[in-house]
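The values are calculated or read from the model by the stated rules, or taken from the named source; none is laboratory data. Since we're looking at a predicted model, the values are computed, not measured. Here Cβ is always computed from backbone atoms with ideal geometry, including for glycine, and neighbour counts include all displayed protein chains.
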Amino acid sequence: MSIQTIYTWTLIALVVLASTAGDTLSAQAMQKIGDFGELRRRIGIRGVVVAVFRSPRFLLAVAFMAVSFFTLMMALSWADVSLVVPATSALTFLTNAFSARIFLYEHVDRRRWIAAMFVAAGVALLSK
């Protein structure tokens with residue numbers, strides 16, 4: 001295995017982990033803040049914006065998403081787009097399912113697990 005392959009898969013893993021952390025933290029922040037429509041009626045649009053940007057989880061989510069984006073750009077500069085983009089999107093789909101189940105206490109049905117496994121298997125076939 002070449003050093004470029006190791007770097008590529010390390011960057012793909014970092015993109016996936018940072019993206020999943022950002023998605024999960026964003027969802028947690030939005031659950032805590034509540035329904036935007038109701039919030040807007042009570043305190044106005046400015047109050048909604050203030051509530052969102054005062055949320056530490058939301059700000060941390062933005063930071064993780066920025067890390068994910070810049071890591072993706074670095075991975076694309078080292079490897080083929082035909083590998084990096086499918087790998088990051090498919091593996092993020094899989095890790096988001098795990099994260100939703102573990103951290104957000106969502107019910108992830110069997111059909112979604114099977115779909116996630118098929119997508120991951122497709123990426124494994126692409127990477128050979």
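Scanning the stretch 1-12 for residues that are in a helix (DSSP H, G or I) and either surrounded by fewer than 16 Cβ atoms within 10 Å (Cβ to Cβ) or in contact with a strand residue (DSSP E or B) (Cβ under 8 Å, 6 or more places away or on another chain) (or both) yields Ile3, Gln4, Thr5, Ile6, Tyr7, Thr10. Count of the stretch 18-48 residues, restricted to those that are assigned to a helix (DSSP H, G or I) and at positive phi, is 1.
Of all residues in the stretch 76-85, exactly one satisfies the criterion of being touching a residue at least 40 places away in the same chain (Cβ under 8 Å) and out of contact with any Ser or Thr (no Cβ under 9 Å at 6 or more places or on another chain), namely Ser82.
Is it true that Ala51 is at pLDDT below 95 and in a helix (DSSP H, G or I)? Here the answer is yes, as Ala51 does meet what is asked. Among the residues of the stretch 24-58, the ones that are exposed (fewer than 10 other Cβ atoms within 10 Å of the Cβ) and either among the hydroxyl-bearing types (Ser, Thr, Tyr) or in contact with a His (Cβ under 7 Å, 6 or more places away or on another chain) (or both) come to 0 in all.
Candidates Thr88, Thr95: the one that is more than 14 Å from Leu11 (Cα to Cα), in contact (Cβ under 8 Å) with a residue 24 or more places away in the chain and under 13 Å from the mean Cα position of the chain (by Cα) is Thr95.
For Ser77, the conditions (1) farther than 30 Å from Thr5 by Cβ; (2) not in a loop (DSSP other than H, G, I, E, B) are fulfilled apart from (1). The residue pairs whose first member lies in the stretch 105-127 and is within 13 Å of Ala87 (Cα to Cα), whose second member is assigned to a helix (DSSP H, G or I) and modelled with pLDDT of 90 or more, and whose beta carbons are closer than 8 Å, counting only pairs six or more residues apart or on different chains, are Ala116/Ala97.
Tell me yes or no: at least one residue of the stretch 81-100 is among the aromatic types (Phe, Trp, Tyr) and closer than 25 Å to Ala121 by Cα.
Among the residues of the stretch 81-100, at least one is among the aromatic types (Phe, Trp, Tyr) and closer than 25 Å to Ala121 by Cα, which makes the answer yes.
Going through (1) outside any loop (DSSP other than H, G, I, E, B); (2) closer than 30 Å to Gln4 by Cα; (3) at pLDDT below 95 one by one, Lys128 falls short only on (1).
Here Asp109 qualifies as over 17 Å from the mean Cα position of the chain (by Cα) and either more than 30 Å from Leu126 (Cβ to Cβ) or not basic (Lys, Arg) (or both).
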